[in-house]
């Protein structure tokens, strides 16, 4: 019989920079993902799940998340809600140069639910860091978001980045869920399952064969 997860909710970098600053979330729309983050925070608090808020710190001269700036501040929807811990981080992963790992261990946490921004940057590194530490990970894809990029390597839309990273996370690193799926798991005690590399690969090959037929 499966044992219900001992969760903690990790709310990553829900700061004004992503809404009105120099790095505005494009996909999914930030209004929807923010509403889902708030819903998940409230549900976690009601269920007695520890809520950990993460805040990105950058130097005063940085173009985004400069400490003390409006963009650096937590969005009001997160700032006004209950939290059990707040960690400020200088690097993408919520585990890097913070006390998060020790705090989670002290709480007896074996599963982390990751929400916030961005899918492909701080969420991705946090998820993989947690995975490498032996934690089960849940990623709520509609409580996150991405921006588009163009550089020497090419162009990728925010939708492409968010979708591809979500698929990759579910191939090994995290159970990727919608907000409603996560709420259902919370209510029922169900343990969400992540995929694996081989089955993800085989499903893709089967899909190509089906499309070609």
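Couple of notes before you dig in:
- Qualifying residues in the range 186-198 (those that are touching a residue at least 12 places away in the same chain (Cβ under 8 Å) and part of a helix (DSSP H, G or I)) - the one nearest to residue 40 (Cα to Cα): 186
- Of the candidates 202, 194, 133, the single residue that is touching a strand residue (DSSP E or B) at 6+ places or on another chain (Cβ under 8 Å) and more than 23 Å from residue 25 (Cβ to Cβ) is 194.
- Checking each residue in the range 41-52 for being touching a residue at least 40 places away in the same chain (Cβ under 8 Å) and under 12 Å from residue 77 (Cα atoms) picks out only 41.
- Residues located in the range 16-64, provided they are in a loop (DSSP other than H, G, I, E, B), closer than 23 Å to residue 166 by Cα and more than 16 Å from the chain's Cα centre (by Cα): 23, 24
- Just one residue in the set 181, 169 is more than 14 Å from the chain's Cα centre (by Cα), surrounded by 14 or more Cβ atoms within 10 Å (Cβ to Cβ), part of a helix (DSSP H, G or I) and at negative phi; that residue is 181.
- Residues in the range 99-113 that are within 17 Å of the chain's Cα centre (by Cα) and more than 21 Å from residue 47 (Cβ to Cβ): 101 alone.
- Matching entry among 116, 145 (being within 25 Å of residue 102 (Cβ to Cβ), crowded, with 24+ Cβ neighbours inside 10 Å and in contact with a strand residue (DSSP E or B) (Cβ under 7 Å, 6 or more places away or on another chain)): 116
- Filtered residue count, the range 120-141, keeping only those that are in contact (Cβ under 8 Å) with a residue 60 or more places away in the chain and surrounded by fewer than 22 Cβ atoms within 10 Å (Cβ to Cβ): 1
- Any hit, the range 121-136, residues being modelled with pLDDT of 95 or more, part of a strand (DSSP E or B) and either more than 11 Å from the chain's Cα centre (by Cα) or within 22 Å of residue 3 (Cα to Cα) (or both): yes
- From the list 162, 170, the lone residue that is touching a helix residue (DSSP H, G or I) at 6+ places or on another chain (Cβ under 9 Å) and touching a residue at least 60 places away in the same chain (Cβ under 8 Å) is 162.
- Identity of the residue in the range 184-200, touching a helix residue (DSSP H, G or I) at 6+ places or on another chain (Cβ under 8 Å) and either modelled with pLDDT of 95 or more or within 12 Å of residue 138 (Cβ to Cβ) (or both), that ends up surrounded by the fewest Cβ atoms within 10 Å (Cβ to Cβ): 197
- Matching residues, the range 142-158, being in contact (Cβ under 8 Å) with a residue 40 or more places away in the chain and over 24 Å from residue 183 (Cα atoms): 147, 148, 157, 158
The values are calculated or read from the model by the stated rules, or taken from the named source; none is laboratory data. This is a predicted model, so every value here is computed, not measured. Because the Cβ atoms are built from the backbone with ideal geometry, glycine has one as well, and the counts that use them run over all protein chains shown.
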